[in-house]
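S.K.: Here it is: the structure, laid out below.
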Amino acid sequence: MTGRRRPSPRPFPRASAAATTVTACTAALASLLSACGSLPGASGGSGEKEPLTVMTWAPMDTKATNMPGMPAMAEAYARWANAQGGLNGHPLKVLTCNEHNDSVAAARCAQRAVDAKAIAVVGSYSQFGRSFISPLERNGIPYLGGYGVSDEEFASPLSYPVNGGPAALLAGNGRQLASVCERVSLVRPDTIQGDQMPALLGAGLSDGSRDAATDVRAPEDGTDYGEAARRALDGVGASAGASKGAGGCVTAALGERTDTFFDSFRRLAPGGSKVRIASVLGSVGQALVDRTGGRYGPLEGAYLTGWYPVASDPRWNPMRKVVRDHAFNDNRIDTADPGVQTTWIAYTALRAVVAQLDDEGVEDITAHTVRQALDQGDRAVDTGGLTPGLRWRSEDMLAVQDFPRIVNGLVTYQAVREGQLVAAKEGFVNVAGTLERPRADS
């Protein structure tokens with residue numbers, strides 16, 4: 001049930017070059033073994049520890065969302081950790097799996113983790129929570145620091161999220177826009193996950209005494225969003241020419257298709273439009289800003305909400321150094337990508353848990369003992385200021401409707417200025433209270 005792995009028995013050190021010593025240390029003189037000493041370099045005195053196997057999965061080479069930087073970051077982390085002697089002396093073995101944005105593939109990745117007796121699945125991405133969480137739950141394997149895109153990550157007792165997921169981003173985006181927007185249109189995917197977004201954004205807008213956003217459903221994998229752009233402009237009064245949308249904001253959360261939407265939006269927005277645009281990290285990032293023209297592109301001036309400090313923040317320096325020294329110019333890793341950043345934080349948490357177990361004298365580190373350490377939370381995980389101290393005890397869970405496993409209710413406000421993502425407000429913004437208040441059904 002726990003996926004527990006017992007350490008292989010270690011042979012007593014052999015001393016082939018010292019036959020006399022071997023002869024003296026016989027079974028008949030077992031009580032005197034301590035007087036026989038050990039040879040230099042013998043494994044019994046080397047302090048070697050059992051290797052630890054974990055898995056990281058993400059979709060790659062698909063027509064929709066792709067997150068290749070997450071498994072690439074995991075592999076770089078393992079190279080760095082093992083170069084330092086492992087996780088508290090334990091060699092780290094990272095398995096990766098292509099989740100293919102497919103429910104069957106997600107289940108297969110989970111089964112691979114089970115078959116490999118992984119102690120955890122760490123820093124992974126999949127929207128198919130129902131497919132992957134059941135195999136993990138049956139075998140007691142914790143899901144540590146997933147990206148947070150599936151509901152199950154915030155409901156399963158074996159999930160340990162490091163951020164507040166889309167719920168925190170949407171609530172935070174609503175609060176951020178409430179201070180600058182009189183009217184808001186939300187463009188979001190026409191999916192089950194997307195159906196939760198209007199109420200979450202609305203909770204943040206309500207905090208700023210703003211009305212609910214106009215809800216604009218759009219296809220998750222669309223190639224043209226002209227109709228969605230028209231409805232979004234109508235929602236803020238821009239199409240009707242009311243001061244060309246002054247005081248209106250359009251926020252889009254369509255994942256990798258967000259840039260396609262803003263391309264359609266740019267073509268339809270009336271000349272001299274005063275409509276401001278916004279999004280959340282993961283749908284828009286520095287790479288997209290660069291790709292669409294930087295300071296001269298359509299995203300200049302956009303408002304964004306993220307989980308973590310901006311990528312230029314010095315608190316990311318340790319991650320950047322690991323990537324620089326151990327990723328070997330792997331162009332899959334973008335240190336500004338929230339998936340890569342989440343993976344780094346998830347492995348930071350794993351390292352802290354392993355250190356805690358070793359300090360407690362736990363000899364057999366398994367999925368079961370890792371889960372116990374996460375549940376008990378004797379120490380808060382220090383992520384170097386990238387998140388608050390992380391614990392997953394029952395008393396640490398926020399009372400959030402539909403997302404009971406959230407423990408981190410902090411977000412950051414960012415904006416695109418001179419083609420760069422910068423902090424629009426210093427420090428974190430706590431949206432826990434916004435999330436915990438009852439929400440109107442979307």
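S.K.: So what is the relative contact order for the chain, in percent, with contacts set as C-alpha pairs under 8 Å and at least six apart?
M.R.: Relative CO of the chain lands at 18 percent.
S.K.: Compare the peptides 348-359, 204-215 by average per-residue count of other Cβ atoms within 10 angstrom and give them in order, highest first.
M.R.: Listed from highest to lowest mean packing, they are 348-359, 204-215.
S.K.: Specify, per residue and in Å³, the volume enclosed by the convex hull of the alpha carbon atoms belonging to the range 353-442.
M.R.: That works out to 157 Å³ per residue.
S.K.: Over the chain, give the accessible area per residue in Å² for a 1.4 Å probe, as an integer.
M.R.: Solvent-accessible surface per residue comes out at 44 Å².
S.K.: Here is a further query. Within the accessible area of the range 179-233, what % is carbon and sulfur when the probe is 1.4 Å and the other protein chains stay in place?
M.R.: 44
S.K.: Once you have a ≥ b ≥ c as the square roots of the Cα gyration tensor eigenvalues for the range 141-235, tell me rounded if a/c is under 1.5, and otherwise prolate or oblate according to whether a/b is larger than b/c.
M.R.: Oblate.
S.K.: Here's a follow-up. Grab every C-alpha pair in the chain, bin the distances at 20 angstrom width from 0 up to the longest one, and report whole percents.
M.R.: So the P(r) values, bin by bin, are 25, 50, 18, 6, 1.
S.K.: At a 1.4 Å probe radius, carbon and sulfur cover how many percent of the accessible area of the range 328-369?
M.R.: Exposed carbon and sulfur together represent 43 percent of the surface.
S.K.: Once ligands and nucleic acids are excluded and a 1.4 Å probe is used, how much of Ile192 is accessible, expressed in Å² to the nearest 10?
M.R.: Looks like 130 Å² after rounding.
S.K.: Cα gyration tensor of the range 194-313, axes a ≥ b ≥ c as square roots of the eigenvalues: rounded (a/c below 1.5), prolate (a/b > b/c) or oblate?
M.R.: Rounded is the answer for the range 194-313, as its axis ratio a/c remains below 1.5.
S.K.: Relative contact order (percent) for the range 322-442, with alpha-carbon contacts under 8 angstrom and 6 or more residues of separation?
M.R.: Reported as a whole number, the value is 14 percent.
S.K.: Something else about it: To the nearest 20 Debye, how big is the dipole of the chain about its Cα centre, given +1 on the beta carbon of each Lys and Arg and -1 on that of each Asp and Glu?
M.R.: Roughly 480 debye for the chain.
S.K.: Only Cα pairs within less than 10 Å get springs; with that Gaussian network setup on the chain, which residue of Val381, Val104, Val340 has the largest fluctuation?
M.R.: Val104
S.K.: Could you tell me the relative contact order of the range 176-276? Use alpha-carbon pairs under 8 Å, at least six residues apart, and round to a whole percent.
M.R.: Averaging sequence separation for qualifying contacts and normalising by length gives 33 percent for the range 176-276.
S.K.: A further question follows. Place the peptides 74-84, 180-190 in order of packing, highest mean first, counting for every residue the other Cβ atoms within 10 Å and averaging per peptide.
M.R.: For the peptides 74-84, 180-190, the packing ranking is 180-190, 74-84.
S.K.: Still on this structure, please answer the following. Is the range 54-124 best put as rounded, prolate or oblate by its Cα gyration tensor, with a ≥ b ≥ c the root eigenvalues, rounded for a/c under 1.5, and otherwise prolate when a/b is larger than b/c, oblate when not?
M.R.: In terms of gyration-tensor shape, oblate.
S.K.: Still on this structure, please answer the following. Take the solvent-accessible surface of the protein heavy atoms, probe 1.4 Å, and return the percent of it on the range 59-144 that carbon and sulfur atoms account for.
M.R.: The value for the range 59-144 is 46 percent carbon and sulfur by accessible area.
The values are calculated or read from the model by the stated rules, or taken from the named source; none is laboratory data. Quick caveat, the model's predicted, so the values are computed rather than measured. In this analysis, Cβ positions are derived from the backbone assuming ideal geometry, glycine residues included, and neighbour counts consider all displayed protein chains. These area figures cover heavy atoms from the full protein model, side chains too; ligands, DNA and RNA do not enter into them. Shrake-Rupley method; radii C 1.70, N 1.55, O 1.52, S 1.80 Å.
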